[in-house]
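Here's the structure we're looking at; comments come further down.
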Amino acid sequence: MSKALTKADIVNTLVESMGYQKKQAVDTLEILLEIIKQTLQDGDDLLISGFGKFCINEKNERKGRNPATGDDMMLSPRRVVTFKCSGKLRDKVNEGVHQTPAD
């Protein structure tokens, strides 16, 4: 099972690789995350070249079913965040992955 990268890991990387003080690294990361959250909250897409695109999809009110009871219900409208990785990121993630030829 793979390990998840945490905010603390990112902060430590900024401290080690950029020479930031810990508080400066924490503040930088928090500002970046706030920009991302605010952009998505405003309903705008977020494109990071060479990485990918975060998109907001609007879901209308629709019929649904409670899986526990089987009762019909109306699901409220909502926004869903999706991510589509760039070709560069996809290629980087798949580097070294051995693919078996199709039969």
Q: Quick one: in region 6-42, of everything that is assigned to a loop (DSSP other than H, G, I, E, B) and at pLDDT below 95, which residue is nearest to E58 (Cα to Cα)?
A: Y20
Q: Specify which of the listed residues (K53, K88) is part of a helix (DSSP H, G or I), among the charged types (D, E, K, R) and touching a residue at least 24 places away in the same chain (Cβ under 8 Å).
A: K88
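The values are calculated or read from the model by the stated rules, or taken from the named source; none is laboratory data. This structure is a prediction, so every number in the text was calculated from the model and none was measured. When we count neighbours, we look across all protein chains shown, and the Cβ atoms used for this are built from the backbone with ideal geometry, even at glycine.
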